[in-house]
Amino acid sequence: MSEDKKKDEGIIDKIEEEIDEIEEEIEEYVHHHNLLPLVGGAFAVFFLMTAMVVAMPYMFYTGTPSTDAVTRTPLEEQGRELYMNLGCFYCHSQFVREIDWGIGNQSQAGDYVYDQPHSLGTERTGPDLSKIGGMRPIQWHYMHDRDPRSTSPGSIMPNFEFLTDQQIDALVAYINSVGTEDLNTYNFQPWPPAEEYINKTNPFKPLMMSVQANYDPETEEFTGDNATAEEWTQLFEQGKETYIKLCLSCHGCSGNGQGPYARHVIERPANLNERISNYPGDFYHFWRVSEGVPGTAMPAWKLSYNESTIWTINTYEMSFVMGSLRTVSGDISDEEGDIFNNATGIMPGITGSQEDYEKGMALFNLYCAQCHGVEGHGDGPASSKTGGYITPEPANFTESGSDFTNYGRYVWKVREGVETTNMPPWKYVLSDEDIFKIIFYIQTFSTPDDFNSKWAPLYTDPFAGELMR
């Protein structure tokens, strides 16, 4: 026998001896110690915890239904049974966590009082269905359940063409009952998850209502007192300036969601006329601006501005719904423009070249056409003249080309805007050079006689002189 083999056998014998010693120690310990209390105590703790976590909540839960709890018809119950048997809950959840506020109200225990067993689901391969009732046209469900790809081309949901008509009726009835069949237009918005917003009220609303009560939109005349007019003018112009600086790039100067940055994002900015008119109250408007919209370019403005500033913005944005309440006559803006012209003697800062004209046209179409129209007649898609919502009606530049007698009035109105209307102070958006180019383009909406006699002579490039010959 080799030396290495003898050495290995010696090691094995030693290990076996140590194992035997350990076994003897264990037997001695068990013989002298009774483990029954330890095992019994462990089981007692287990059963106590199970009772506290499982049994006691069930025993003491009162089962109070929430507003989203649903008592179902026999057809809907049949649909729910089918939903469970088909395994729909493997892919579709039915619960809204706090972080899921975009789906709807956060789920409560009372939502499931009538569901035995519950259908919370396991994961979200498909959309959450907690609030699906009333959110789709009824016929959409019929098409989708039979052939999911007919309504959702990228869907991985299996076809259920094998179901009978009666089964499809039951399944659709159940799906449309989940979260209650909600047909209230105001509820088609996720509810603010933070209770701190629910009781918020616009501190400037009494002033706005006072102005509205003394304003005639037909004649554009305010008949209230001067102090109220001045207070409203200051508030409105402050809100407009802030909106122009913070919001115009996405929502556009008319609030139609077609600002220049809107071309850059997949989730298009809101059309504020449509969105705000559908808000359930001022608190909701305040919440939206304060918290922003997760997953979009809309920031949480509360991180940068105080509540008063946000309410000022919101008050201005209400003009996209109810129209501007004009407490400053349009004549005032004309007079200010004439004073500015006489004081400065300002002249175009461009030559009036073809390049100036084309850049002015591009800027006008991007920023101004939504109110003034592509031909400058005040008939853009947002204008009340064409069924839109911007009031007073935006200017018709053919008329301006005739009425204006000096260049300074153009510059003043574009730079400073028009008080208590939606005409913005473009000095916060555009450079003076861009403003000169837009004015050059706007002047071409004048009649040929007006342009050739009053405006073309201001420019040195031959292009301007020949433009409307």
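Just so you know, all these numbers are worked out from the coordinates, no wet-lab data involved. Just so it is clear, the model here is predicted, and its values are computed rather than measured. Here the Cβ is made from the backbone with ideal geometry for all residues, glycine too, and neighbour counts use every protein chain on show.
Structural remarks
- Pairs of Cα atoms nearer than 8 Å and 6+ residues apart set the relative contact order; for region 74-177 it is 39 percent.
- Rounded, prolate or oblate (a/c below 1.5 giving rounded, otherwise prolate when a/b exceeds b/c) for region 283-378 by Cα gyration tensor: prolate
- For the chain, the Cα gyration tensor yields ellipsoid semi-axes of 69, 31, 25 Å (square root of five times each eigenvalue, largest first, whole Å).
- For the chain, with +1 on Lys and Arg beta carbons and -1 on Asp and Glu, the positive-most of L303, A227, G154 along the dipole: A227
- Basic side chains Lys and Arg get +1 at the Cβ, acidic Asp and Glu get -1 at the Cβ, and with that the dipole of region 258-356 about its Cα centre reaches some 580 debye.
- Full extension of the segment from R268 to A300, taken as 0.36 nm per residue of separation minus the current Cα-Cα distance, would add 9.9 nm.
- Total charge dipole magnitude, region 74-177, about the Cα centre, Cβ charges on Lys, Arg, Asp, Glu only, Debye to nearest 20: 280
- Under the simplified labelling scheme, the E123-D449 pair shows an inter-label distance of 7.7 nm, with each label point 7 Å from Cα along Cα→Cβ.
- Taken about its Cα centre, the chain carries a charge dipole of about 1820 debye when Lys and Arg each add +1 at the Cβ and Asp and Glu each add -1 at the Cβ.
- Under 15 Å from K454, Cα to Cα: aspartates and glutamates that are on another chain or at least 8 residues apart: E399, D403, E466
- In whole percents, the pair-distance distribution calculated for region 74-177 from its alpha-carbon pairs, binned every 5 Å from zero, is 2, 12, 22, 28, 21, 11, 4, 0.
- Per-selection metrics, region 194-319 (Cα): Rg and Dmax in Å: 15.3, 47
- Computed over the chain: relative contact order in percent, which uses C-alpha pairs under 8 Å that are six or more apart: 11
- Mean separation of Cα pairs under 8 Å and 6 or more residues apart, divided by the residue count, gives region 332-465 a relative contact order of 33 percent.
- Mean ellipticity per residue at 222 nm, deg cm²/dmol - from DSSP H runs of n ≥ 4 across the chain, formula -39500 (n - 2.57): -13500 deg cm²/dmol
- Judged by the mean number of other Cβ atoms found within 10 Å, the most tightly packed of the peptides 420-430, 137-147, 114-124 leads the ranking 420-430, 137-147, 114-124.
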